[in-house]
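Encoded as structure tokens, the structure appears first; notes follow it.
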Amino acid sequence: MRHVLLRLLLPLVALYALMVAFGLFVTKVADNWWPLTVEDKANESLEAARSGPLTAASQVFSTIADTWSVIAVCTLAVLILLVTRRPWREPIFLASAVAAQALVFLCTTLAIDRHRPEVAHMDASPPTSSFPSGHTSAAATLYCGLALLFALRATDRRWETLVWTVFVLIPVGVALTRLYRGMHHPTDVLASFFNAAACLTIMYHGVLRWRGAPPPRPEQERPAVALSRHHS
């Protein structure tokens, strides 16, 4: 239990603190500082660039990153990893990373109250804060996690490189989509990428690459050595 606390819970608490600190900095301290002062102009420029084909593409990216799509894709990926008899750490790594980012995201939205950009919103606004972007955070964690697992298993074949490259590019499309559809500020999606990267890193070292409890220290072995010498 102690090792779980040190490997997973404490890093996630630290991540949450950093997310809240960044959110407060963006909304309470630096909201009138450059470059945050041009965030609204960026959203307005994307609003002005809206067109039929771009809107259709943005709908696709937004849909594949919504809550139910992420749950479905993550569940399917975990089942495939289990059925194909991959190491048990791989499906746990993916599922725990996605769950961790969702927890940090939800807790952060409770602490940070930020309004959506002042442009026409193309989606119904959920009751959560604009900071950070849940779609971007979930997509980045899920698809970059899949890319990592695929890259670790891939050889030098071009099609394999293409697959994990596509996985990495999907969150980029999702982030641009959330900005294009007027649902988030640029710093919202930036914080989401940080959340995803941190959760993947924590679960990578805490689950995927964890090798068990550390060996006993030399001073812990000395009493046993001394006892054996005494009996001899």
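The values are calculated or read from the model by the stated rules, or taken from the named source; none is laboratory data. Given the structure is predicted, the values throughout are model-derived calculations rather than measurements. Here the Cβ positions follow ideal geometry from the backbone for every residue, glycine too, while neighbour counts run over all protein chains shown. With ligands, DNA and RNA removed, areas are computed over all heavy atoms of the protein, side chains included. Shrake-Rupley method; radii C 1.70, N 1.55, O 1.52, S 1.80 Å.
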If a/c stays under 1.5 just call it rounded; otherwise compare a/b with b/c (prolate if a/b is bigger, oblate if not). Do that for the range 69-117, with a ≥ b ≥ c from the square roots of the Cα gyration tensor eigenvalues. prolate
Dipole moment magnitude, nearest 20 debye, the range 1-112 about Cα centre, only Lys, Arg, Asp, Glu C-beta charged: 680
Take residue 84, project a point 7 Å from its Cα along the Cβ direction, then tell me which residues of the range 148-190 have their backbone nitrogen under 20 Å from it. 148-171
Excluding ligands and nucleic acids, what accessible area in Å² is computed for residue 122 using a 1.4 Å probe, to the nearest 10? 60
Rounded, prolate or oblate: pick one for the range 7-139, where a ≥ b ≥ c are the square roots of the eigenvalues of its C-alpha gyration tensor, a/c under 1.5 means rounded, and failing that, prolate if a/b is larger than b/c, else oblate. oblate
Cβ-placed point charges (K, R +1; D, E -1), dipole of the chain about Cα centre in debye, nearest 20: 1140
Per residue, how large is the accessible surface of the chain? Use a 1.4 angstrom probe and give square angstrom. 58
Counting only protein heavy atoms and a 1.4 Å probe, tell me what percentage of the chain's accessible area is made up of carbon and sulfur. 68
Using θ = phi - 60° and the Karplus relation 6.51 cos²θ - 1.76 cosθ + 1.60, list the HN-Hα couplings for the range 192-205 in order, rounded to whole Hz, with x at every Gly or Pro. 5, 5, 5, 4, 5, 4, 5, 5, 5, 5, 4, 6, 5, 7
